[in-house]
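Note sheet for the following structure.
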Amino acid sequence: MKKVCFFDTKPYDRIYFDAFAKEYNFELIYCESKLNEKNVVLASGCDAVVAFVNDSITAQVLQTLSSLGIHVVALRCAGYNNVDFKEAYGKVHIVRVPAYSPYAVAEFTMGMFLSLNRKIYRAYNRIREYNFSLVGLLGTDFYGKTMGVIGTGKIGQVFMDICLGFGMKVLAYDPYPKERAGVRYVTLEELFRYSDMISLHCPLTKESYHIVDAAAIRNMKDGVILVNTSRGALIDATSLIDGLKDGKIGAAGLDVYEEEGEYFYEDYSGEVMPDDELARIISMPNVLLTSHQAFLTKEALKNIAETTMENLRQYFDGEALPNEICYQCAKGERCKKEHLERCF
């Protein structure tokens, strides 16, 4: 029986992984703390590590895992910008869950747009204080408005379909466009200039880091609604605050934050928030902030658990790893995976 050490786990994770443990003959060990250089030794005696989106899979962490005889890390998420792939190559195989439920994230994204536009979250809080006034709750019709979608992978495509169902015009930007009826691909500059609303659905790379910065915000329509359910560092937080303050950005929905690693998924309700930018964003009445929640549906959690367990089974059984990401993959270079082999 293989022993698998999970980091950054919560009760809702364990329910779904426990359901598959017997089927795959794995012994599961859960750690609530996030994986880092100090606590990686908790994996001693295990055969594999399962990590999440805010775990730090640094060079030192990978060196320690390798010295412990652990040569596979299974990410139970799609993103992998938290991994030092150069250090991992040749030592530790990195596998991920490339798709768990694009509907979960896409539907949540549209929910954020609707709540921001119609001020539903503000109305809820107002009614709880017996304030039944409608002043300040004015919204607009989505029909006929232009949605700009940055990143048209599986989640972006589902989200665009939802927008088309609302009767919206859709502009899209992606380095690898996928032609779709009702969607017009444009340059990033055009998307910023002509969109009434903008939604981010791209991975975090060197090219997409701070893709929304001060210059991008200046190029946007006045009063634009901006939603990010992808990765926090796609948006420069300082520029976002400035855009919200001067009214250039009419409203922002954030399910991610650039420095979220220390705070998201934890309870800080009894403490003073030490991150000044995060505290400032939360204080703004036209911002809806959630704690990296968009993926959280029953269907997504089941798919994440099943794919993660299958990734590990393939590794232990000596099979090819179709969901492996390596240094060569990350650089966009040809690697052995294309020949149904492991990356190294």
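How far apart, in nm, are two points set 7 Å out from the Cα along the Cα-to-Cβ line at ASP246 and at LEU164?
3.7 nm
With each label point set 7 Å from Cα along the Cα-Cβ vector, what nm distance links THR238 and PHE316?
Placing both labels 7 Å beyond Cα along the Cβ direction yields 4.8 nm.
Roughly what would the spin-label model give for ILE127 and ALA214, points 7 Å off Cα along C-beta, in nm?
The answer from the label model is 4.2 nm.
What figure, in Å² to the nearest 10, do you get for the accessible area of VAL41 with a 1.4 Å probe and non-protein molecules left out?
80 Å²
Mind listing the long-range amide H neighbours of ILE249? Cut-off is under 5 Å, sequence gap 5 or more, other chains count too, H placed in the peptide plane at 1.01 Å from N.
Excluding prolines and chain starts, which carry no amide H, the hits are GLY223, LEU244.
Please figure out what share of the DSSP beta bridges in the chain is antiparallel and state it in percent, rounded to the nearest 5.
Approximately 5 percent, going by the DSSP bridge assignments.
Could you pull out the trypsin sites (Lys or Arg not before Pro) across the range 102-171 that fall in loop regions by DSSP (anything but H, G, I, E, B) with no more than 10 other Cβ atoms inside 10 Å?
Counting only loop positions with at most 10 other Cβ atoms within 10 Å, none of the trypsin sites (Lys or Arg not before Pro) in the range 102-171 qualifies.
First check a/c for the chain, with a ≥ b ≥ c the square roots of the eigenvalues of its C-alpha gyration tensor; if it is under 1.5, answer rounded, and if not, answer prolate when a/b is larger than b/c or oblate otherwise.
Prolate, because a/c is 1.5 or more and a/b exceeds b/c.
For LEU288, list long-range residues whose amide hydrogen, built 1.01 Å from N in the peptide plane, is under 5 Å from its own amide hydrogen.
ALA252, GLY253, LEU254
When a/c reaches 1.5 or more, the comparison of a/b and b/c decides; with that in mind, is the range 199-292 rounded, prolate or oblate per its Cα gyration tensor?
oblate
Run the paramagnetic zone check for ARG342: 7 angstrom along Cα to Cβ, then residues of the range 49-90 with backbone nitrogen under 19 Å.
Under cut-off, by backbone N: 49-51, 62-76, 84-90.
Assigning unit charges at the beta carbon (Lys, Arg +1; Asp, Glu -1) and nothing else, what dipole magnitude in debye, to the nearest 20, does the range 164-218 show about its Cα centre?
Values: 7 positive and 7 negative charges, 24 e Å.
The calculation lands at about 120 debye.
Starting from the Cα-Cα distance between ARG180 and LYS298, subtract it from 0.36 nm times their residue separation and give me the gain in nm to one decimal.
Full-extension gain reported as 39.6 nm.
Placing unit charges on C-beta atoms (Lys and Arg positive, Asp and Glu negative, everything else neutral), compute the dipole magnitude of the range 1-106 about its Cα centre in debye, rounded to 20.
80 debye
Go through GLN293, MET273, CYS329 and say which Cα lies farthest out towards the positive end of the charge dipole of the range 259-335; charges sit on Cβ, +1 for Lys and Arg, -1 for Asp and Glu.
Value: CYS329.
Summing +1 for each Lys or Arg and -1 for each Asp or Glu, what net charge is found among the other residues whose Cβ lies under 10 Å from the Cβ of PHE192?
+1
Which residue, ALA237, ALA21, ALA51, has the most motion in a Gaussian network model of the chain that connects Cα atoms within less than 10 Å?
Maximum fluctuation in the GNM of the chain, among the listed residues, is at ALA21.
Given a 10 angstrom Cα cut-off, can you work out which residue in PHE166, PHE264, PHE132 is the most mobile in a GNM of the chain?
Judging by the Gaussian network model, the answer is PHE132.
Taking 0.36 nm per residue of separation and subtracting the Cα-Cα distance, what length does fully extending MET273 through LEU134 add? Numbers along the way, then the final one.
Details: separation 139, 0.36 × 139 = 50.04 nm, distance 3.17 nm.
Here the answer is 46.9 nm.
Can you give me the C-alpha center-to-center distance between the range 152-193 and the range 224-262, rounded to a whole angstrom?
Using only Cα atoms, the two centres lie 20 Å from each other.
Report the residue, chosen from ALA214, ALA106, ALA88, that carries the largest GNM mean-square fluctuation when the chain is represented by alpha-carbon nodes joined by springs under 10 Å.
Top of the fluctuation ranking is ALA214.
With charges only on Cβ, +1 for K and R and -1 for D and E, what is the dipole size of the chain about its Cα centre, in debye, rounded to 20? Don't jump to the answer; show the numbers that get you there.
Details: 38 positive and 46 negative charges, 158 e Å.
Charge dipole of the chain: 760 debye, to the nearest 20.
Return the carbon/sulfur percentage of the accessible area of the chain, one whole number, probe 1.4 Å, all protein chains in place.
Whole-percent figure for carbon plus sulfur exposure: 52.
Please calculate how many Å² of accessible area the range 52-137 carries per residue, with a 1.4 Å probe and no DNA, RNA or ligand atoms counted.
Heavy-atom accessible area per residue stands at 46 Å².
The values are calculated or read from the model by the stated rules, or taken from the named source; none is laboratory data. Computed from a predicted model, the values in this text were never measured in an experiment. No Cβ is skipped: glycine too gets one built from the backbone with ideal geometry, and neighbour counts run over all protein chains shown. Heads up: the accessible areas ignore ligands, DNA and RNA and are worked out on the full protein's heavy atoms, side chains in. Shrake-Rupley method; radii C 1.70, N 1.55, O 1.52, S 1.80 Å.
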